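Participant: Structure provided below as structure tokens; questions to follow.
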Amino acid sequence: MSRTSPADHDVLLRVNELSTWFAKDDQVIKAADEVSFSIKKGEIVGLVGESGSGKTVTARSIARLISPPGKIVGGQVFLGETSLLDLDEDEMNAVRGDRIGMLFQEPRVMLDPTCRVGNQVGEPLRIHRATSKRDAWSTAVGLLRDVEIPDPEERARSYAIDISGGMAQRVMIATALAAEPDLLIADEPTTALDVTVQAQILQLLQQQCRERGMAMLLITHDLGVVAAIADRVLVMYAGQLVAEGTTEEILRGPLHPYTCALVACASLATADGALVTIRPSSEDLGEGCRFYDRCDLHGQAGISDRCRDEMPSLVESRAGRRTRCHAIELGLGEAVGV
Ligand code: SF4
């Protein structure tokens, strides 16, 4: 397999037909099924879907953080010109925390309670840049200031156990930024935080991406989060990408019936606080569209047989806008009000 990607100087990350499967009893679950997309330098891309849709598996596959019984069974991932799936474990360790920063949902779980905050934030510099302990500490204090932690010199001497959840996530952001990564993978980074703190953290992430020219893959179940800061949105359902577009296109003019449902639910949640959950099933996937059982559109469009029997392809309707739906591909969506 080639270790270099075709030259496209704007593209930072290119994912080609990435497939990650999990063996469970005598079943195989295709958690990520031939997923393809790219992210440009400095771009913020939201990867959206309900629990079990494959978004976290996709993100962890990019960072090569899949453990048995999961296995990456096919595809390619290029970061710049580097083919990540061809690296050995030592080479991949050098990429993680250096060119790729990671941010997770539970910052307290990721922080070492016995380690001073300043040492934790400076650790990537000592590991990846062989920076002295004194210089790493001084850079860490600057990073804590960048992420708007008050009194950063004093806070650097604290232990993780002594700080709030919102501040812990700021510390994790500072840690992820330490080695100046090209790409930040943020998996539900605000889900565990209070609503007011969520907005501050999202604003901080966006600001840091813009200032540093850093790209971000933002994994979330919450369309409100991508609406706040993402440039583009990818929608996953049952292991497949089903829609892609600019944030404006996806939120204001959704085409795929699942995206329409997500947007409607997000509107509902905003209007009256109702929480509506759509849970895709990974089981009993037939040959046809995976959204078939939940879709009203195929009946209205008169294409039920085709939808039941034939998997739709992810078709580009214009540059950067892709949808996996027979009705949209056949131009029948408009006729039935999509
Ligand atoms: S392909 Fe058919 S079943 Fe699937 S979302 Fe489109 S209309 Fe619905």
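The values are calculated or read from the model by the stated rules, or taken from the named source; none is laboratory data. In this text the structure is predicted, and so the values were computed from the model without any measurement. Please note: Cβ atoms are built from the backbone with ideal geometry, for glycine as well, and neighbour counts cover all protein chains shown. Ligands, DNA and RNA are excluded from the accessible area calculation, which covers all protein heavy atoms including side chains. Shrake-Rupley method; radii C 1.70, N 1.55, O 1.52, S 1.80 Å.
Participant: Going by alpha carbons, how many degrees (0 to 90, nearest 10) lie between the helix axis of 257-272 and the longest principal axis of the chain?
Facilitator: Helix 257-272 and the main axis of the chain meet at about 60 degrees.
Participant: Sticking with this one: Per the helix-only calculation at 222 nm, which mean residue ellipticity applies to the chain, given -39500 (n - 2.57) for every DSSP H run of n ≥ 4 and division by its residues, nearest 500 deg cm²/dmol? Provide the component values of the computation, followed by the final result.
Facilitator: Details: 14 runs with 125 residues, N = 338.
Estimated from H runs of four or more residues: -10500 deg cm²/dmol.
Participant: Additional query: For the chain, take the longest principal axis of its alpha carbons; what is the angle in degrees between that and the long axis of helix 133-146, to the nearest 10 within 0 to 90?
Facilitator: The angle comes out at about 50 degrees.
Participant: May I pose another question? Using only the alpha-carbon atoms, how far is helix 195-212 inclined from the longest principal axis of the chain? Give it as 0 to 90 degrees, nearest 10.
Facilitator: Helix 195-212 sits roughly 80 degrees off the main axis of the chain.
Participant: Name the trypsin sites (Lys or Arg not before Pro) in segment 131-201 that are in a loop by DSSP and that have at most 16 other C-beta atoms within 10 Å, would you? All intermediate terms of the calculation are to be shown ahead of the outcome.
Facilitator: On the way: sites: 133, 134, 145, 155, 157, 170; in loops: 157.
Those that pass, being in a loop and sparsely packed, are 157.
Participant: Using a 1.4 Å probe and ignoring any ligands, DNA or RNA, find the accessible area of residue 30 and quote it in Å² to the nearest 10.
Facilitator: So the heavy atoms of residue 30 present about 80 Å² to solvent.
Participant: Using 0.36 nm per residue of separation minus the Cα-Cα distance, give me the extension gain between residue 157 and residue 330 in nm, one decimal.
Facilitator: Working: separation 173, 0.36 × 173 = 62.28 nm, distance 6.16 nm.
That pair, residue 157 and residue 330, stretches by 56.1 nm at full extension.
Participant: Additional query: Cross-link candidates for residue 24: which aspartates and glutamates have Cα within less than 19 Å, leaving aside residues fewer than 8 places away along the same chain?
Facilitator: Excluding near neighbours in sequence, the set is 33, 283, 284.
Participant: Within the chain, what percent of beta bridges assigned by DSSP are antiparallel, to the nearest 5?
Facilitator: Values: 33 of 52 bridges.
Counting DSSP beta bridges with both partners in the chain, the antiparallel share is about 65 percent.
Participant: Now for a different question. Which order do 292, 258 take when ranked by solvent-accessible area (1.4 Å probe, heavy atoms of all protein chains), largest first? Mind showing how you got there, number by number?
Facilitator: Working: 292 50, 258 0 Å².
Largest to smallest exposure gives the sequence 292, 258.
Participant: Given a 1.4 angstrom probe, I'd like the percentage of the accessible area of the chain that is carbon and sulfur, rounded to a whole number.
Facilitator: For the chain, the apolar C and S fraction of the accessible surface comes to 47 percent.
Participant: Hey, can you find the accessible area per residue of the chain for me, probe 1.4 Å, expressed in square angstrom?
Facilitator: Values: 15730 Å² over 338 residues.
Ligands and nucleic acids excluded, the figure is 47 Å² per residue.
Participant: Continuing with this model, one more query. Greater than 20 Å separation of Cα atoms is the criterion. Which listed pairs, 41/133; 30/71; 41/71, meet it? Can you show the working numbers first?
Facilitator: Working: 41/133 31 Å; 30/71 10 Å; 41/71 28 Å.
With Cα atoms farther than 20 Å apart: 41/133; 41/71.
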